[in-house]
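Engineer: My questions all concern the structure below.
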Amino acid sequence: MKYEKRWTALALLCTAQFMVIMDTSIIGVALPAIKTELGYTQSGLQWIFNAYVILFGGILLLGGRLSDLFGARKIFMWGFGILAAASFGAGAAWSPEILNTSRAVQGLGSALIAPAAMTLLMTTFTDPKELGKAFGFWGASAAAGGSAGVFLGGVITEWLDWRWVFYINIPIALIVLAFSKQYLVAGRKAIGKVDWAGAILATVSLILFVYAIVTAESAGWFSLQTIGLLAAAVLLFVVFISTQKKKQDPLLPLQIFKVPNLTAGNLVMGLMAAAWIPLWFFLNLYLQQILRLNAFNSGLALLPMTVVIMIVMVGLTGKLVAKFGFKRNLVAGLISLTASLILFAFVPTNGTYLLNVLPASLLGALGMSLAYIPGTMASMSGAKPEETGLASGIVNTSYQIGSAIGLAIIAVIAAAVTKSAAAAGVTEAEALNNGFQTAFISAAVVSAVSVLIAVIKIKQGK
């Protein structure tokens, strides 16, 4: 029997997805203003993003498990409560440490929201055709959240204050909380226990790994600090995997990786994020620091991407998947994303928006529009109903971990190139742009690898 309030429920769930993803991108345009007021270093700016994503990615598996055990709606609402409180803390921050901590707590709230929301989506829509349509809106809200976050960030930073890029979450969260019990199903409750030890091991392992990469440039790639942190991260991850094999109720039941396409699909999603998020991060900096656009115009410059994503995801992707299957669409989208990054790798210091930004940005938007939903579908296509929360947690984890590690590594590479160029005596703009070009070509390589994996490992399906 179809749930009669399902489309209103979808609106709430899409709002949640939009908001969670928006939080990873809305700060992009505000970065220069935040840097000036709070005293961040150029390389330290990425921690505003990474602090959020590390906790988000590290706790998503736990969020998925809690959703299965205690009911998706309850965890969904808890997540929004935490996110609203942390958003107030971020907006009121008076130092980099306070802002980074608040962003981390925002990531914790989002880690509860994301898998619970996807579980509610799968539970609410039982008809395959309606589920496909719902997935179209769901995917569009995610991609649009990333795109619109940039535009909204520009509007807010230019006309209000950068602090409102965080405060804006509070009224949205309160509206969602007010209507959740009325329109969202409670969700199934599984029998089992929470693997708290596994959650701690997985999260700490990720934090140590990303921190080691981010600080490698200043500490030295072969320094005792870098090697020690990487070794500790690997050791904790090995311990995590070994404990999962022995526990009766593990955080990550390893047998789920026998599901067709799950392993390859998640690897593709992680690499896709490792290419897409650096594109946004460095394109924002290029627009403001090289083309000298103000915050509002920088956000406005990327509005066409949002339009393309919304039109293609809602109007075309579902139909294309139904006709050609998710593999062909996934591969086509990833090829478009790779081509976009290659074009960005040649942006000049004296570039123009119409020639050097708009065409490549539209190609990238088309690529993500074609690839995001098929990638998610491929990763979850073989999961059993009782594994939905876990599978969605894994997909979200792969995407967020990929984005965190991808940005961390590429930011370090870009900073090293900028430093080397500055030492060679070029202008500040030229040094920065050399770093940005290197970042884009590095992301293109990552995206190209995802194409190869999708072609070789993903099995065709509809």
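Engineer: Can you give the calculated 222 nm mean residue ellipticity of the chain, where each DSSP H run of n ≥ 4 adds -39,500 (n - 2.57) and the sum is split over every residue, rounded to the nearest 500 deg cm²/dmol?
Structural biologist: Value at 222 nm, helices only: -26000 deg cm²/dmol.
Engineer: Give the angle, between 0 and 90 degrees and rounded to the nearest 10, that separates the Cα long axis of helix 428-457 from the longest principal axis of the Cα atoms of the chain.
Structural biologist: Long axis of 428-457 versus the principal axis of the chain: about 30 degrees.
Engineer: Relative contact order for the chain using alpha-carbon pairs under 8 Å, separation at least 6, rounded to a whole percent? List each step's numbers first, then the result.
Structural biologist: On the way: 862 pairs, mean separation 108.7, N = 462.
This gives 24 percent for the chain.
Engineer: A follow-up question, please. Specify whether the C-alpha gyration tensor of the chain places it in the rounded, prolate or oblate class, a ≥ b ≥ c being the square roots of the eigenvalues: rounded for a/c under 1.5, otherwise prolate if a/b is larger than b/c and oblate if not.
Structural biologist: Values: a/c = 1.41, a/b = 1.31, b/c = 1.08.
Since a/c stays below 1.5, the shape of the chain is classed as rounded.
Engineer: Where does helix 196-214 land angle-wise versus the long Cα axis of the chain, in degrees 0 to 90, nearest 10?
Structural biologist: For helix 196-214, the angle is close to 20 degrees.
Engineer: For the Cα atoms of the chain, what angle does the longest principal axis make with the long axis of helix 303-312, in degrees from 0 to 90, nearest 10?
Structural biologist: Tilt of helix 303-312: around 30 degrees.
Engineer: Continuing with this model, one more query. Go ahead and run the numbers for FRET between I311 and T263, Cβ-Cβ distance against an R0 of 41 Å, rounding to 0.05.
Structural biologist: Values: r = 32 Å, r/R0 = 0.78.
Efficiency at R0 = 41 Å is approximately 0.80.
Engineer: Here's another thing I want to ask about it. Kindly count the pairs of lysines across region 227-328 whose alpha carbons are less than 28 Å apart, treating pairs on different chains or eight or more residues apart as eligible. List each step's numbers first, then the result.
Structural biologist: Numbers: K245/K258; K246/K258; K247/K258; K258/K323; K258/K327; K319/K327.
Summing the qualifying lysine pairs gives 6.
Engineer: If the only charges are +1 at each Lys and Arg Cβ and -1 at each Asp and Glu Cβ, what is the size of the charge dipole of the chain around the Cα centre, to the nearest 20 debye?
Structural biologist: Details: 29 positive and 16 negative charges, 336 e Å.
The dipole of the chain has a size of about 1620 debye.
Engineer: Under the classification rounded if a/c is under 1.5, otherwise prolate if a/b is larger than b/c and oblate if not, where does region 195-250 fall, given a ≥ b ≥ c as square roots of the Cα gyration tensor eigenvalues?
Structural biologist: On the way: a/c = 5.07, a/b = 2.79, b/c = 1.82.
It is prolate, given that a/c is not under 1.5 and a/b is the larger ratio.
Engineer: What distance in nm separates the simple spin-label points at T8 and V445, each placed 7 Å from Cα in the Cβ direction?
Structural biologist: Taking the simple label geometry, T8 and V445 are separated by 5.3 nm.
Throughout, read-outs are computed from the coordinates displayed, never taken from laboratory work. Keep in mind it's a predicted model, so treat the numbers as computed, not measured. FYI the Cβ positions are ideal-geometry reconstructions off the backbone, even for glycines, and counts take in every protein chain you see.
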